[in-house]
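A.B. asks: Once you've had a glance at the structure underneath, I'll fire off some questions.
Laboratory data are not the source of any read-out in this text; all were calculated from the coordinates shown. Quick caveat, the model's predicted, so the values are computed rather than measured. With ideal geometry, Cβ positions are generated from the backbone for all residues, glycine too; neighbour counts draw on all protein chains shown.
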Amino acid sequence: MAEPAPNAELLRSLGRLVRGLSSLFWGLPIALITCVWTAFPQLARSFGFLPPMIATGLLVYGLWQISGFQKQERVWRRALDRALALATIELGLSPFIFWWSKMAENRFFLGMVILMMVCGLGFMASRNTVLQRLSAMLPDEGLRM
């Protein structure tokens, strides 16, 4: 007896899910390294505010890719929207790292960098919630482990 053909929409959403998880997996350490290198005199400082924006943009891209999976689950969507909002705030605040490294005496830039750190901690907590909700929704027991 032949197996039924897999649902094309499900395969497409699972493909986006894998791309999104990969972007989150690689984007988080890349964002941490580039933001710290931009804040302190290192090689990446010569590139301006672009490296932190690209790295935090990778996190937003990863969450956007994940958002195509199980759109009907309200608890999942609420956790995902919270993480996406914090990641977008991180993306918007990332240029302030470079500007603060140029003018460390400016209190506004320092305040924005501190706000970015607080939002980063909130993003980490919300990302963990997103991954926990995702693991509860996966259909295979091996994947849930």
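A.B. asks: Stretch K71-W26 to full length: gain in nm at 0.36 nm per residue minus the Cα-Cα span?
C.D. replies: Separation in residues times 0.36 nm, less the Cα-Cα distance, equals 13.8 nm.
A.B. asks: Right, another one. Mean Kyte-Doolittle of at least 1.0 and a Cα length of 30 Å or more along the axis: which whole DSSP H helices of the chain meet both?
C.D. replies: Span-like helices in the chain: 8-39, 107-137.
A.B. asks: Here's another thing I want to ask about it. For the chain, give the magnitude of the charge dipole about the Cα centre (Cβ charges: +1 Lys/Arg, -1 Asp/Glu; no others), in debye to the nearest 20.
C.D. replies: 260 debye
A.B. asks: Please find the FRET efficiency linking L131 to F40, where r is the Cβ-Cβ separation and R0 is fixed at 41 Å, and quote it to the nearest 0.05.
C.D. replies: E between L131 and F40, to the nearest 0.05, is 0.85.
A.B. asks: Show that you can apply the helix-only estimate: for the chain, add -39,500 (n - 2.57) for every DSSP H stretch of four or more residues, divide by all residues, and state [θ] at 222 nm to the nearest 500.
C.D. replies: -26500 deg cm²/dmol, from helical runs alone.
A.B. asks: A further question on this structure: Would you mind putting 87-95, 20-28, 106-114 in packing order, based on average other-beta-carbon counts within 10 Å, highest first?
C.D. replies: The most tightly packed comes first, giving 87-95, 20-28, 106-114.
A.B. asks: What FRET efficiency comes out for N106 versus L50 if R0 is 22 angstrom and r is the Cβ-Cβ distance? Round to the nearest 0.05.
C.D. replies: Between N106 and L50 the formula returns 0.60.
A.B. asks: For the range 13-138, what's the radius of gyration and Dmax over Cα atoms, in angstrom?
C.D. replies: 15.4, 49
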